[in-house]
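Student: Here you go, one structure.
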Amino acid sequence: MSVPQISVIVPMYNESDNLPELHERLTKVLAGMETGGEIIYVDDGSTDGTSEQLELLLQQPQPVCVRAVWLPRRRGKTAALSAGFAIARGSILVTTDADLQEPPEVLPMLVAPLRSWEAHMVVAWRQQRQDTAFRVFASQVFNAVLRWLSDQPLHDVNCGTKALLREVAERLMGWMRSDMHRYLPVIAARMGYRVVEAPVPHVARRRGRSRFGVSRYLRAAVDFLPVSLLWWRGRFAWLALTAASTILVGLRSPLGWVGLGLAAVWLGTALAFWSRTR
């Protein structure tokens, strides 16, 4: 069997209702492409029968190579993607979510700029988001902050559908901790890779439900602390907070101690993360 050139990695948690249609559409897309491909499903500790469905898929003949990874317990999207990256064989890696909100049919469009060497990573930009107003607003704020911080004109950094060269994925593996998956495009750009975006349609989830709660926003905020110090604007903001807080301490203002505490947590979180990535 020839080595596939494209590896599609699908992290999933309790997506048994979506898996049959997802698999049918993914295999059709990959089978229709000129290059060989493989699908890697990563089951992130599902409890709804997703695991059993994957086992049945692997026992049946398929038009493309299908592989699966089972994580023993739920570890989150970053860990699931990392597990898929570790066994992917393609020179191009594609990630997509199992909820079918970004149509699998857009994959060739994302891969094309990589094959022509116009980009090293392509991020899908969801058009006319079919999510709650709060999620759309939170996403807009998140992306606006990252654009200010990194000077990268990206509008949908956290979209789960992306395509990247193997070289980029290998360089990013050191960052695949906590919930850092949402920051990968700006981190790749900071490494010097060309990151572009491609508008894609976005459809409402028809089956199952989203399992992201308030905790995802807290984790995103904590993960932002080490990421922010990669750019001069983030370092300047930390220095400004430290300097202003020091002045307030000198003026015997309690806010100064609060600010110094925040600055210490900010720097400590960054140092702790970087020490774990070595």
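The values are calculated or read from the model by the stated rules, or taken from the named source; none is laboratory data. Predicted model, so just to flag it, every value in this text is computed and none were measured. Ideal geometry is used to build each Cβ from the backbone, glycine not excepted, and the neighbour counts take in all protein chains shown. Side chains included, ligands, DNA and RNA excluded: accessible areas come from the protein's heavy atoms. Shrake-Rupley method; radii C 1.70, N 1.55, O 1.52, S 1.80 Å.
Student: Please report how far the C-alpha centroid of the stretch 131-198 lies from that of the stretch 215-237, rounded to the nearest whole angstrom.
Tutor: The stretch 131-198 and the stretch 215-237 have Cα centres separated by 13 Å.
Student: So, one more: So how far apart, in nm, are the two label points at ALA31 and VAL249 if each is 7 Å from Cα heading toward Cβ?
Tutor: 6.6
Student: Follow-up question, since we're still on this one. Heavy-atom accessible area per residue, the stretch 37-99, 1.4 Å probe: how many Å²?
Tutor: So the stretch 37-99 comes to 42 Å² accessible per residue, rounded to a whole number.
Student: Follow-up question, since we're still on this one. Provide the per residue accessible area, probe 1.4 Å, for the stretch 132-232, rounded to a whole number of square angstrom.
Tutor: 47
Student: When DSSP assigns beta bridges and you keep just the ones with both residues in the chain, what percent turn out antiparallel, to the nearest 5?
Tutor: 20
Student: Please identify the helices of the chain, taking whole runs of DSSP H, that span at least 24 Å along their own axis as judged from the Cα atoms and have a mean Kyte-Doolittle score of -1.0 or higher.
Tutor: 133-150, 232-250, 254-276
Student: Same structure, new question: Is the shape of the stretch 148-278 rounded, prolate or oblate, going by the alpha carbon gyration tensor and its root eigenvalues a ≥ b ≥ c, with a/c under 1.5 for rounded and a/b larger than b/c for prolate?
Tutor: In terms of gyration-tensor shape, prolate.
Student: So between VAL3 and TRP117, what do we pick up on full extension, going 0.36 nm a residue minus the alpha carbon distance?
Tutor: Between VAL3 and TRP117, full extension yields an extra 39.0 nm.
Student: Please report the base-10 log of the normalised intensity I(q)/I(0) for the chain, using a Debye sum with one equal scatterer per alpha carbon and no solvent, at each q in 0.11, 0.12 (1/Å).
Tutor: These q points yield log10 I(q)/I(0) values of -0.65, -0.77.
Student: Still on this structure: Considering only protein heavy atoms and a 1.4 Å probe, what is the carbon-and-sulfur percentage of the accessible area of the chain?
Tutor: Within the chain, the accessible surface is 59 percent carbon and sulfur.
Student: Cα-based Rg of the stretch 112-196 per 2.2 N^0.38 Å, rounded to two decimals?
Tutor: So the Cα radius of gyration is 1.09 times the expected 2.2 N^0.38 Å.
Student: For the stretch 11-149, taking Cα atoms only, what is the radius of gyration to one decimal and the Dmax to the nearest whole Å?
Tutor: Cα-based Rg and Dmax for the stretch 11-149 come out at 16.1, 49 Å.
Student: Would you kindly derive the ³J(HN,Hα) couplings of the stretch 195-201 from the backbone phi angles with the Karplus curve 6.51 cos²θ - 1.76 cosθ + 1.60 (θ = phi - 60°), listing them in order in whole Hz, with x for Gly and Pro?
Tutor: 10, 10, 10, 10, x, 9, x
Student: Hey, another quick one. As an exercise, use a Förster radius of 25 Å and the Cβ-Cβ distance of GLN59 and ARG207 to find the FRET efficiency, rounded to the nearest 0.05.
Tutor: Computed FRET efficiency for GLN59 and ARG207 comes out at 0.60.
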